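Here the structure comes first, spelled out in structure tokens, and everything after it is commentary.
The values are calculated or read from the model by the stated rules, or taken from the named source; none is laboratory data. Source: prediction; values computed, not measured. Neighbour counts run over all protein chains shown; Cβ positions are idealised from the backbone, glycine included. Quick note on the areas: whole protein, heavy atoms, side chains included, nothing else; ligands and nucleic acids left out. Shrake-Rupley method; radii C 1.70, N 1.55, O 1.52, S 1.80 Å.
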Amino acid sequence: MGSSAVESALKRVQDIHVSISEHRQAIEDLEKQKYAAYGELNALRDPITRLPVELSSMIFKECIREPPVFESLRDHAAPMLLLRVCRSWTRLALSTPSLW
């Protein structure tokens, strides 16, 4: 096998390596876009985000009123549970001082 054949094969391997790297980056970019789209979809489906903030806050406050609405929400666990639902609920719960 001549040196030009080896150089040609090496060049082809390098080109494939570069192409793989570019495709990996494209996949990462698409994954980021997919998760952003999921976030938008979740926000559109979430009825709490369509309500005025004041009304949403009132609903959240009802979760921790005495006596607890649900037995599982005893001991003010409700605010922590609200933080775990989604980003918009986290922002709303954290911006409602009366929950804490």
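These residues, VAL13, VAL6, go from largest to smallest accessible area, 1.4 Å probe, as VAL13, VAL6.
GNM remark for the chain: springs join alpha carbons under 10 Å apart, and the peak mean-square fluctuation among GLN14, GLN33, GLN25 falls on GLN14.
Relative contact order of the chain: what whole-number percent is it, with Cα pairs under 8 angstrom and at least 6 residues apart?
It rounds to 18 percent for the chain.
In whole percents, the pair-distance distribution calculated for the chain from its alpha-carbon pairs, binned every 5 Å from zero, is 2, 11, 14, 13, 10, 7, 6, 6, 5, 5, 5, 4, 4, 3, 3, 2, 0, 0. For the pair LEU10 and LEU94, label points projected 7 Å from Cα toward Cβ lie 5.3 nm apart. Accessible surface for the chain, divided over its residues, is 80 Å² per residue with a 1.4 Å probe. Helices in the chain, meaning DSSP H runs of at least 4 residues, each add -39500 (n - 2.57). Divided by all residues, the mean residue ellipticity at 222 nm is -23000 deg cm²/dmol. The accessible area of LYS11, taken with all protein chains in place and a 1.4 Å probe, comes to roughly 110 Å². Heads up, I need the accessible area for THR90: 1.4 angstrom probe, whole protein in place, Å², nearest 10. Only protein atoms counted, so the area is about 40 Å². With every protein chain in place and a 1.4 angstrom probe, the accessible-area ranking of TRP89, TRP100, largest first, reads TRP100, TRP89. Solvent-accessible area assigned to carbon and sulfur over the chain amounts to 62 percent, based on a 1.4 Å probe. Charges were assigned to the Cβ only: +1 to each Lys and Arg, -1 to each Asp and Glu. The resulting dipole of the chain about its Cα centre is roughly 80 debye.
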